[in-house]
Amino acid sequence: MANDAFDGKRSWKPVFFTFVLIFLVVMGIAVFYTGAPPVIRIVPTMSAIGRITPVTIEIAEPRRGLTRVRVELVQDGNVAVLDEKNYRPSWQIPFPGGKTARDTLEVVAGREIFPDLESGHATIRVTAGRAKTWLRSPSDVVEELTLPVRFTPPTLQVTSTQIYVSQGGSEAVTYRVGESSVRDGVRAGDHWFPGYPLSGGGPRDRFALFAVPHDMTTLDVSLVAEDAAGNIAERGFINNFTRRRPRTDTIQVSDAFMSRVVPEILARTPEIREQETLLDSYLMINRELRKKNDETILALAENSQGYFMWRRPFLMMPNSQVMAGFAERRTYLYQGREIDQQDHLGIDLARVRQTPVPAANDGVVALTGFLGIYGETVVIDHGYGLMTIYSHLSAITVKEGQKVARGEIIGNTGETGLAGGDHLHYGVLLAGLPVDPVEWSDDRWIRNRIVGKLGSALSFEP
């Protein structure tokens, strides 16, 4: 009897431990397939909420999958639903399948969506649910982001006077912005000229170098200040705008010319393809490649140095003859018929073959090399988005990143690219926009239009 009792006491332990083990395995499976909670990222395009504020919501639950997502804008107990989605749940077994593991929602917060929204603060709240397991019904996961709410644009005051600008010409403006401003500058049509701190001024004093595009016949230029919520203040500030009569020129395109320039450009520009005919290849170069080259030049302005490197008027190639002026509308003719029209946005200067080309002013070399229609090219950065370009060179004697002084030789004239003969295509760029180079070579213009407004921000040597 004693032995039977002893055997009975021992017999229940394996069964008990088996049940415990099974329970732990089941719980482990449940936890394993429940996984970590959904990951939610709230990514607003601005650091404050205004009238219209785009927001990106990223949700991920790769283990069990999502069942629903709800995005709300909350302020003082008031709630506006910005978006809501339900997903087909995965099969309720411990194996994933048929699930939505992640999603991205693009929503808009702001007064346009939530008319009762007031200045102060508001919260973007995201609630995400995930699929059940055998043993668990996981709770929803909530992520919140609280942002300031603003509807009043920054203050903006013009502090300079006598702002006179010509079509295709440049100017400078000084101004003062409010503390909420995070972006300011001058908008001229589709072009943007950023503002910079004004040396010697107060903490909110700014200046901008800007230009009116050569093809802007109706003035559309504003001083702009924007806050983190996208509220914008705009001011007109130009006292006088001078239109320029368009100048025209005719370019005769011959088979001999195309046979000389097209093959070299195609060979040195692998991103473009040869067309069926020589004329088609030339037109593609003159149109499409021209656009791509100008985009490359425009992008250089983003890395312009934030200080003035020059102190004297810009030097054009001395003792040279002007062969073509700025902003000429060129009509291209082939065998007596018009085939294209393009604007010439520089000055063509010629002297003798392979004339040494001086740097127009102090600066840093921003680009060297073959640039499509421009051929062998050098671009020099002079600070604050102001650059000069030298094209169709036969030789280049400087390197990118090299500092150069006014008058230092950077190469020789040539006829590379779409050049009809040996010459220099010289241009001035402001924030990537071609502007009239003659102004920047005029001592009086620089003193009146630039130095007179910027004062101590730009000392000028006689």
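Residue 398: over 26 Å from residue 169 (Cβ atoms) and not aromatic (Phe, Trp, Tyr), yes or no? Let's see the steps before the verdict.
Working: over 26 Å from residue 169 (Cβ atoms): yes; not aromatic (Phe, Trp, Tyr): yes.
Spelling it out, residue 398 is indeed over 26 Å from residue 169 (Cβ atoms) and not aromatic (Phe, Trp, Tyr).
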Residue under evaluation residue 293, criteria (1) modelled with pLDDT under 95; (2) under 25 Å from the mean Cα position of the chain (by Cα), criterion not met: (1)
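Checking the structure you have, find out if any residue of the stretch 435-448 is among the β-branched types (Val, Ile, Thr), farther than 26 Å from residue 251 by Cβ and in the same structural domain as residue 313 (by TED's automatic domain parsing).
Quick first cut of the stretch 435-448, residues among the β-branched types (Val, Ile, Thr) only: 435, 438, 446.
Next, only the ones that are farther than 26 Å from residue 251 by Cβ stay: 446.
Adding the requirement that they be in the same structural domain as residue 313 (by TED's automatic domain parsing) leaves none.
Looking through the stretch 435-448, none of the residues is among the β-branched types (Val, Ile, Thr), farther than 26 Å from residue 251 by Cβ and in the same structural domain as residue 313 (by TED's automatic domain parsing).
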Which condition number does residue 214 fail, the rest of (1) touching a Pro at 6+ places or on another chain (Cβ under 9 Å); (2) farther than 29 Å from residue 370 by Cβ; (3) at pLDDT 95 or above being met? (2)
Within the stretch 201-225, track down each residue that is outside any loop (DSSP other than H, G, I, E, B) and more than 18 Å from residue 161 (Cβ to Cβ). 211, 224, 225
Tally, over the stretch 182-228, of residues that are free of Cβ contacts under 8 Å to residues at least 12 places away in the same chain and over 19 Å from residue 345 (Cβ atoms): 3
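Looking at 420, 427, 452, 414, can you tell me which residue is modelled with pLDDT under 95, at negative phi and in the same structural domain as residue 295 (by TED's automatic domain parsing)? Even if it seems obvious, please write down each step before you answer.
Values: 427 fails: modelled with pLDDT under 95; 452 fails: in the same structural domain as residue 295 (by TED's automatic domain parsing); 414 fails: modelled with pLDDT under 95.
Result of the check over 420, 427, 452, 414: 420.
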Matching option when the condition is of a type in the set (A, V, I, L, M), touching a Lys or Arg at 6+ places or on another chain (Cβ under 8 Å) and outside the structural domain of residue 216 (by TED's automatic domain parsing), among 365, 398: 365
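When you check residue 418 against the structure, is it in a helix (DSSP H, G or I) and either buried (at least 19 other Cβ atoms within 10 Å of the Cβ) or in contact with a Cys (Cβ under 9 Å, 6 or more places away or on another chain) (or both), yes or no?
no
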Out of 428, 435, which single residue is crowded, with 24+ Cβ neighbours inside 10 Å, in contact with a Pro (Cβ under 6 Å, 6 or more places away or on another chain) and more than 23 Å from residue 262 (Cβ to Cβ)? 428
One residue is enough: does the stretch 273-294 have a residue meeting the conditions under 30 Å from residue 54 (Cβ atoms), loosely packed, with under 15 Cβ neighbours inside 10 Å and out of contact with any helix residue (DSSP H, G or I) (no Cβ under 9 Å at 6 or more places or on another chain)? yes
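Just give me the residues in the stretch 301-321 being farther than 21 Å from residue 450 by Cβ and either under 16 Å from the mean Cα position of the chain (by Cα) or assigned to a helix (DSSP H, G or I) (or both), in sequence order. Write out each step before concluding.
Narrowing the stretch 301-321 to residues farther than 21 Å from residue 450 by Cβ: 302-303, 317-321.
Passing the criteria: 302, 303.
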Name the residue that is surrounded by the most Cβ atoms within 10 Å (Cβ to Cβ), counting only residues in the stretch 175-197 that are farther than 13 Å from residue 430 by Cβ and among the aliphatic types (A, V, I, L, M). 177
Hey, any hits in the stretch 388-398 for a residue that's surrounded by 24 or more Cβ atoms within 10 Å (Cβ to Cβ), in contact with a strand residue (DSSP E or B) (Cβ under 6 Å, 6 or more places away or on another chain) and touching a residue at least 60 places away in the same chain (Cβ under 8 Å)? yes
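Quick test for you: out of 172, 208, 122, pick the one residue that is of a type outside the set (Phe, Trp, Tyr), within 28 Å of residue 110 (Cβ to Cβ) and crowded, with 18+ Cβ neighbours inside 10 Å. Give the steps one after another, and end with the answer.
Values: 172 fails: within 28 Å of residue 110 (Cβ to Cβ); 208 fails: within 28 Å of residue 110 (Cβ to Cβ).
Just a single option satisfies the conditions, and that option is 122.
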All conditions in (1) part of a helix (DSSP H, G or I); (2) hydroxyl-bearing (Ser, Thr, Tyr); (3) under 18 Å from residue 421 (Cα atoms) are true of residue 332 except (1)
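Quick one: is residue 166 under 23 Å from the mean Cα position of the chain (by Cα) and not charged (D, E, K, R)? First the steps, then the outcome.
Details: under 23 Å from the mean Cα position of the chain (by Cα): no; not charged (D, E, K, R): yes.
So residue 166 does not fit the description; no.
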If you go through the stretch 64-91 one residue at a time, how many are part of a loop (DSSP other than H, G, I, E, B) and without any contact (Cβ under 8 Å) to a residue 60 or more places away in the chain? 7
Residues satisfying the stated conditions in the stretch 344-390, i.e. over 24 Å from the mean Cα position of the chain (by Cα) and polar (S, T, N, Q): 354, 355, 361
Being part of a strand (DSSP E or B), surrounded by fewer than 19 Cβ atoms within 10 Å (Cβ to Cβ) and either in the same structural domain as residue 383 (by TED's automatic domain parsing) or touching a residue at least 40 places away in the same chain (Cβ under 8 Å) (or both) narrows it down to one of 340, 348, so name that one. 340
When you look at residue 250, is it touching a residue at least 12 places away in the same chain (Cβ under 8 Å), within 23 Å of residue 341 (Cβ to Cβ), of a type outside the set (D, E, K, R) and surrounded by fewer than 19 Cβ atoms within 10 Å (Cβ to Cβ), yes or no? yes
Can you confirm whether residue 61 is modelled with pLDDT under 90, of a type in the set (Asp, Glu) and buried (at least 16 other Cβ atoms within 10 Å of the Cβ)? yes
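The values are calculated or read from the model by the stated rules, or taken from the named source; none is laboratory data. Small disclaimer: the values here were computed from a predicted structure and weren't measured. Cβ: placed from backbone, ideal geometry, glycine included. Neighbour counts: every protein chain shown.
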